[in-house]
Each structure stands twice: as C-alpha cells, then as structure tokens.
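Colleague: Okay, here's the structure, questions in a sec.
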Amino acid sequence: MKQGGGIGGLGRFGEPAVLVLLSLAEGPKHGYAIATDIDVVSGVRLGPGTLYGAISRLDERGLIEAVPSEDRRRPYRLTPSGAEALRGHLAMLERVTTTGQRRLAGA
Amino acid sequence: MRNLLRLYPRSWRERYGGEFELVLRAWTPGPRAALDVLWGALDAHLRSIRPETVLRLALLAAGGALIAWLNYQATDDVQPVAAALLLFGFPFGLHRPTHAWLYALLLFAAVPLSGAWADVVSYHPGVPKPAPFYESIVALMPALLGAYTGVAIRWIASASRA
C-alpha cells in the first residue's frame, strides 16, 4: 500500500517512524526524549532497538537530521521533506478516520 | 544491555553507537528490551549487506550445494568432488584473501555433511560400507589448495603491478 510523502516502504518500522516524525514536529529531541514523548502522546512504548531502527532509517532517507552538538546525546530535527512526509501521512490517516467514522455512524 | 551494542554492525555503531549506548543506560533492562535490541541488531545487519556480499553468499551456497550433491552421488570416484572444491575455492581466495581459509572450510563442510546425510538415509551407491566420517577430512586439501591458489594469483598480480 502506498503511503503519503515518502514514509512508505519502511516495513515494520513504518509506524514507529511516523511516531518519531510526530515527536520531532514539536522540535529537536534526542533519542530518549523522543521515546518518552511518544509514550506520553500515544501510549506506545518503543523498545530501544525499534526506536533506533526507525531513527536510522529516517536519517538515511533525509527525513530527519542530526543537530550539531557537543553532547553525546545527539538531538535530531525534522527536515523539510520529513515535514512534508508527515503532513502527507497525517492527511491520509485523516481521510481513513473520517471515512471510518462515517461508515460506523451508518452501521 | 550495553554489551548488546556489540552485536550491531561496526558502521552502525560508529554512526549511532554513542547515543544508543546512553539510551540503553537509561532504559529499564528486561528480556523484552533485550529482545528488541537483538532484533534491531539483526535488522541493522540485514540493511548493511552489500550486493557483492549477497553475490558471494549465493556463490558459496551454490558451490556448497553442488559439492554436497557430487559427494552424495559419489562412488569411489572422488575426482568430481575434488575438482568442485578446487574450482569454488579459487574465486573466494582471489577476492577475499584474508578469509580464504574460512571459505575453504565452509566449502569443505559440504563433504562431511552430505556424507552424514547419506549415512542417515543409508544411501551408498557402489560402496558396500560407508567410509569413516573422519576420512572426509582429506577433502580439506583441494578446498585449501583452490582457495590459496586464488590468494597466490592475487598476490602475484598485485606484486607485478607495483
């Protein structure tokens, strides 16, 4: 299934990747802060391997980038193409949600 | 938990290792987190595989399968098996001289394994009794000879260029 704006093709890391993008939409964060934010916002507790699997994939695709830092806890931020990918994905989810609610209302 | 970081590919560790280690320190340890890191390491390895590695592994599997099949069918004529060990050992020695011994061993392993399988299913064409298992160690010779001929030719070629 094609997903909006470049998030598709991430395999099992698709959903964690969206959550990482969503977290970084608020501003730059380092790995542990991303995991904590995702837990608070969505109730999903990503494991460390899954978190960094998603971060490394997004980094390789240029959807996020590391912010230069002296600290070993390197923060990441959303790139313009990452923001566009997230926007496209959220629009797709919105269409699905709207359609789902409309159909459920008629059920 | 931090020891699990060593399971990741070196290139991945160089890029993300420092920050990942800090995240692991802050994480509550447990079997679920450990499994998640193991899965992440496997995923990172699969993603770091280059096309030439896939080609090399495919050639190794094809060579191993052919050697095993030849050995399985062999009567007292071991020349086809020896020739296959020589032929398949050669390119691995040529392209991966530092690991020539490893590829020779892996190709050789097809001989005792197929011999053991023949024993299990009692398939011994033309041989009244199965040959003792340890006798197959002789097959290491053509495997090593093929691989190290490749190493020697590479060395000669690079010496003549210098």
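Colleague: Here is a check on your reading of the model: is B:Ala65 at pLDDT 90 or above and at the interface with another protein chain (Cβ under 8 Å from one of its Cβ atoms)?
Modeller: no
Colleague: Can you name every residue in the range B:34-62 that is in contact with a Pro (Cβ under 8 Å, 6 or more places away or on another chain) and at pLDDT below 90?
Modeller: Hit for the range B:34-62 is B:Ser48, nothing else.
Colleague: Go through the range B:9-51 residue by residue and tally those that are at the interface with chain A (Cβ under 9 Å from one of its Cβ atoms) and of a type in the set (Ser, Thr, Tyr).
Modeller: The qualifying residues number 1.
Colleague: Another question, then. Do you know which residues across the range A:49-64 are of a type outside the set (Asp, Glu) and part of a helix (DSSP H, G or I)?
Modeller: Listed by number, the residues that qualify are A:Gly49, A:Thr50, A:Leu51, A:Tyr52, A:Gly53, A:Ala54, A:Ile55, A:Ser56, A:Arg57, A:Leu58.
Colleague: Within the set of pairs 6+ apart or on separate chains, which have a first residue in the range A:86-100 that is touching a residue at least 40 places away in the same chain (Cβ under 8 Å), a second that is part of a helix (DSSP H, G or I), and C-beta atoms under 6 Å apart?
Modeller: A:Leu86/A:Leu21; A:Gly88/A:Gly4; A:Gly88/A:Gly5; A:His89/A:Gly4; A:His89/A:Val18; A:Met92/A:Gly4
Colleague: Would you pick out the residues in the range B:68-79 that are of a type outside the set (Gly, Ala, Ser), assigned to a helix (DSSP H, G or I) and buried (at least 17 other Cβ atoms within 10 Å of the Cβ)?
Modeller: Correct list: B:Leu70, B:Asn71, B:Tyr72.
Colleague: Counting only residues that are modelled with pLDDT of 90 or more and either closer than 17 Å to B:Arg47 by Cβ or in contact with an Asp or Glu (Cβ under 7 Å, 6 or more places away or on another chain) (or both), how many does the range A:5-19 have?
Modeller: Residues in the range A:5-19 being modelled with pLDDT of 90 or more and either closer than 17 Å to B:Arg47 by Cβ or in contact with an Asp or Glu (Cβ under 7 Å, 6 or more places away or on another chain) (or both): 2 in total.
Colleague: While we're on this one: Looking only at the range B:64-97, how many residues end up being farther than 15 Å from B:Thr149 by Cβ and in contact with a helix residue (DSSP H, G or I) (Cβ under 9 Å, 6 or more places away or on another chain)?
Modeller: 14
Colleague: Shifting gears a bit: Give the range A:66-95 a look and list any residue that's closer than 13 Å to A:Leu24 by Cα and aliphatic (A, V, I, L, M), or say none.
Modeller: A:Ala66, A:Val67, A:Leu78, A:Ala83, A:Ala85, A:Leu86
Colleague: How many of the residues in the range A:45-66 are within 10 Å of another protein chain (Cβ to nearest Cβ), free of Cβ contacts under 8 Å to residues at least 24 places away in the same chain and of a type outside the set (S, T, N, Q)?
Modeller: 8
Colleague: State which residue is farthest from B:Glu19 (Cα to Cα) when the search covers only the range A:65-92 and only residues that are in a loop (DSSP other than H, G, I, E, B) and among the hydroxyl-bearing types (Ser, Thr, Tyr).
Modeller: A:Thr79
One line per residue, one yes/no per condition, for (1) in a helix (DSSP H, G or I); (2) of a type in the set (Gly, Ala, Ser); (3) outside the structural domain of B:Ser136 (by TED's automatic domain parsing):
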residue: B:Arg6; (1), (2), (3): yes, no, yes
residue: B:Leu24; (1), (2), (3): yes, no, yes
residue: B:Val37; (1), (2), (3): yes, no, yes
residue: B:Arg56; (1), (2), (3): yes, no, no
residue: B:Leu66; (1), (2), (3): yes, no, no
residue: B:Val81; (1), (2), (3): yes, no, no
residue: B:Ala84; (1), (2), (3): yes, yes, no
residue: B:Phe90; (1), (2), (3): yes, no, no
residue: B:Ala100; (1), (2), (3): yes, yes, no
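Colleague: For B:Glu14, state whether it is over 23 Å from the mean Cα position of the chain (by Cα), among the charged types (D, E, K, R), part of a helix (DSSP H, G or I) and crowded, with 18+ Cβ neighbours inside 10 Å.
Modeller: For B:Glu14, the condition - over 23 Å from the mean Cα position of the chain (by Cα), among the charged types (D, E, K, R), part of a helix (DSSP H, G or I) and crowded, with 18+ Cβ neighbours inside 10 Å - is not met.
The values are calculated or read from the model by the stated rules, or taken from the named source; none is laboratory data. Just so it is clear, the model here is predicted, and its values are computed rather than measured. Neighbour counts are summed over all protein chains in view; Cβ atoms, including those assigned to glycine, are modelled from backbone coordinates with ideal geometry.
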